[in-house]
1. Does Leu129 count as assigned to a helix (DSSP H, G or I) and farther than 30 Å from Leu36 by Cβ?
2. Condition test on Arg113, is it in contact with a Ser or Thr (Cβ under 9 Å, 6 or more places away or on another chain) and of a type in the set (D, E, K, R)?
3. Kindly provide the set of residues from the range 101-156 that are on the phi > 0 side of the Ramachandran plot and among the aromatic types (Phe, Trp, Tyr), ordered by number.
4. Could you look through the range 106-133, keep only residues that are touching a residue at least 40 places away in the same chain (Cβ under 8 Å) and either closer than 19 Å to Leu175 by Cβ or in contact with an Asp or Glu (Cβ under 6 Å, 6 or more places away or on another chain) (or both), and pick out the one that is most open to solvent (accessible area, probe 1.4 Å)?
5. Among (1) open to solvent by 80 Å² or more (accessible area, probe 1.4 Å); (2) small (Gly, Ala, Ser); (3) touching a Ser or Thr at 6+ places or on another chain (Cβ under 8 Å), there is one condition Gly157 misses while meeting the rest; what is its number?
6. Identify the single condition in (1) open to solvent by 50 Å² or more (accessible area, probe 1.4 Å); (2) within 20 Å of Leu15 (Cα to Cα); (3) without any contact (Cβ under 8 Å) to a residue 40 or more places away in the chain that Phe170 does not satisfy, given that it satisfies every other one.
7. Give me a count of the residues in the range 134-154 that are in contact with a strand residue (DSSP E or B) (Cβ under 9 Å, 6 or more places away or on another chain) and open to solvent by less than 50 Å² (accessible area, probe 1.4 Å).
8. Quick test of your reading of the structure: Thr163 fulfils all but one of (1) in contact with a strand residue (DSSP E or B) (Cβ under 6 Å, 6 or more places away or on another chain); (2) modelled with pLDDT of 80 or more. Name the failing condition by number.
Amino acid sequence: MNDTSRWTLVNDRVLELALGLALMLVALFRVVLPILGVSGPWSSADSRTVRVDDAAQLADATATAALTLRGTGHAEMVFTDPGFADRLLLALPGFTGGLLVVAILAVLLRMARTFRAGDFFVPRNTRRLTVVAAALALLGTLVPLLDMMTTNLLVRGTALAQTVRPAEDFAVLPLFLALLVGAAIQAFRSGTRLRSDTEGLV
């Protein structure tokens, strides 16, 4: 084995280890711990950053003993003793985003294993990139929508319902990355087609 092939093998191993470590950390901190926080054994988040109409309304929006706002423009909505439903609503957007990131990392890890085998342009990798693009698109659209809907549910029926204004925009970066992955899908399809044609000639 020459130095170039050894270096390539080391790089592939490092890539797999990095993706595997990232997968475990995201699964732990973005999926497992939020689940434990909602179910009770683990202390869960009791706040969420929200938008407010303006600073002047904060003084008039009398906070209850269970729910208060801290800040202006972007405020922190804090629950004194959130119940199960409140904990679930608080954790749902982050939990969903964590699951999508886990799915992306798991697919990339499988792709990295094919790179180590020197088998880049296989039909499976094109399908895997399609999954990555779809997950990124959901990160940019579904997660912000969940944040908006759960915030509305959290403040509904409280004194802060007229003050809190849920975000109504999408995450631009995941959507941009989804477009880039879409371009990579076309490149992989061309590579797969070229590889198939070359094997047919041999």
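1. It is true that Leu129 is assigned to a helix (DSSP H, G or I) and farther than 30 Å from Leu36 by Cβ.
2. Here the answer is no, as Arg113 does not meet what is asked.
3. Going through the range 101-156, the residues on the phi > 0 side of the Ramachandran plot turn out to be 118.
Residues satisfying the conditions do not exist here.
4. Arg116
5. (3)
6. Failing condition for Phe170: (2).
7. Summing the residues that are in contact with a strand residue (DSSP E or B) (Cβ under 9 Å, 6 or more places away or on another chain) and open to solvent by less than 50 Å² (accessible area, probe 1.4 Å) in the range 134-154 gives 4.
8. (2)
The values are calculated or read from the model by the stated rules, or taken from the named source; none is laboratory data. A quick note: this is a predicted structure, and the numbers were derived from the prediction, not measured. Virtual Cβ from ideal backbone geometry, glycine too; neighbours counted across all protein chains shown. Please note that ligands, DNA and RNA were not included when accessible areas were found on the heavy atoms of the full protein model with its side chains. Shrake-Rupley method; radii C 1.70, N 1.55, O 1.52, S 1.80 Å.
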